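Reviewing the structure listed below.
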Amino acid sequence: MGKKSKKALEKYRKKRDFRKTPEPQGKTSKNGGGPVFVIQKHLAQNLHYDFRLEVGGVLKSWAIPKGPSTDPGEKRLAVPTEDHPLDYAYFEGVIPEGHYGAGTVIVWDRGPYENITEQDGQEVSIEKAIEKGHVSVWLKGQKIKGGYALIRTGSGDDIRWLFIKMKDGEADARRNPVSTEPESVLTGKTIEEVGKEGTAE
Ligand code: MN
């Protein structure tokens, strides 16, 4: 793994004891195809959805308390969290009690994505887009598809990011996949099922 992503994962590693948690340490900074996104359902102290985008050998991450919406009229709060290793995109399991993020994680959706951020008709790199707080991506998941914007608003203590469906052919205000399609796209299991198996071991 490159020096840059090693450094980027320092925060991630510091928070975790890899003798105790089944989460990946992060051994790879490359995958076979193009960049991927993942949305993990995480039943910790509070249920939330972790949205992660592959950028520069790591997964840039935001916690979305209510999960993604397919309705362009719904703005979802997205709280930035530490960069995660690429292999986290495959992680599903139980983080033991007393450890950071304790609870159950499933891969709720995953797929390739394209950076479609533009400014004044010019393409903007995903790194630059995140730095500027104005990101547009095209997601090709099984549940979540089409354009999404990640926008940083406010200033100082009031900085917040919003995750918003763009108005395109994949927008659908009637869908609510967070409640109607709760299962893992990896195993078809619910978070409750994965949680039960994990604690029975
Ligand atoms: Mn989380």
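Can you tell me which residues in the range 171-192 are polar (S, T, N, Q) and under 25 Å from PRO72 (Cβ atoms)? The answer is ASN176, SER179, THR180. Tell me yes or no: at least one residue of the range 138-147 is at pLDDT 95 or above, within 16 Å of the ligand (Cβ to nearest atom) and of a type outside the set (D, E, K, R). The answer is no, given that none of the residues of the range 138-147 is at pLDDT 95 or above, within 16 Å of the ligand (Cβ to nearest atom) and of a type outside the set (D, E, K, R).
What are the residues in the range 59-76 that are among the aliphatic types (A, V, I, L, M) and either out of contact with any Lys or Arg (no Cβ under 7 Å at 6 or more places or on another chain) or away from the ligand (no atom under 14 Å from the Cβ) (or both), if any? Working first, answer last.
Narrowing the range 59-76 to residues among the aliphatic types (A, V, I, L, M): 59, 63-64.
ALA63, the sole residue that qualifies.
The residues of the range 79-137 that are within 16 Å of the ligand (Cβ to nearest atom) and aliphatic (A, V, I, L, M), listed by number, are VAL79, ALA89, VAL94, ILE95, ALA102, VAL105, ILE106, VAL107. Could you tell me whether the range 179-200 includes any residue that is modelled with pLDDT under 95, among the polar types (S, T, N, Q), surrounded by fewer than 17 Cβ atoms within 10 Å (Cβ to Cβ) and over 27 Å from THR104 (Cα atoms)? Within the range 179-200 (the criterion being modelled with pLDDT under 95, among the polar types (S, T, N, Q), surrounded by fewer than 17 Cβ atoms within 10 Å (Cβ to Cβ) and over 27 Å from THR104 (Cα atoms)), the answer is no, since none of the residues qualifies. Which pairs have Cβ atoms under 6 Å, sit 6 or more apart or on different chains, and link a residue in the range 175-197 that is in a loop (DSSP other than H, G, I, E, B) to one that is surrounded by 14 or more Cβ atoms within 10 Å (Cβ to Cβ) and among the β-branched types (Val, Ile, Thr)? Listed by first residue and then by second, the contacts come to ARG175/THR70; PRO182/THR190; GLU183/THR190; SER184/ILE106; SER184/VAL107; VAL185/VAL107; LEU186/VAL107. Within the range 91-110, residues that are without any contact (Cβ under 8 Å) to a residue 60 or more places away in the chain and over 28 Å from LYS140 (Cβ atoms) reach partners that are within 13 Å of the ligand (Cβ to nearest atom) and β-branched (Val, Ile, Thr) with beta carbons closer than 6 Å, at six or more positions or on different chains, in the pairs ALA102/ILE95.
For ARG16, the stated conditions do not hold, so it cannot be described as modelled with pLDDT of 95 or more and within 16 Å of the ligand (Cβ to nearest atom).
Within the range 36-53, not a single residue is away from the ligand (no atom under 16 Å from the Cβ) and not in a strand (DSSP E or B).
Restricting the first member to the range 7-23 and to residues that are in a loop (DSSP other than H, G, I, E, B), and the second to residues that are modelled with pLDDT under 90 and surrounded by 12 or more Cβ atoms within 10 Å (Cβ to Cβ), the beta-carbon pairs closer than 6 Å and six or more apart or on different chains are LEU9/GLY26; LYS15/TYR100; ARG16/TYR100; PHE18/GLN25. The set of residues from the range 55-81 being closer than 20 Å to SER184 by Cβ and free of Cβ contacts under 8 Å to residues at least 40 places away in the same chain comprises LEU59, SER61, ALA63, PRO65.
The values are calculated or read from the model by the stated rules, or taken from the named source; none is laboratory data. Every value quoted in this text rests on a predicted model; they were computed, and no experiment measured them. Backbone-built Cβ (ideal geometry, glycine too); neighbour counts: all protein chains shown.
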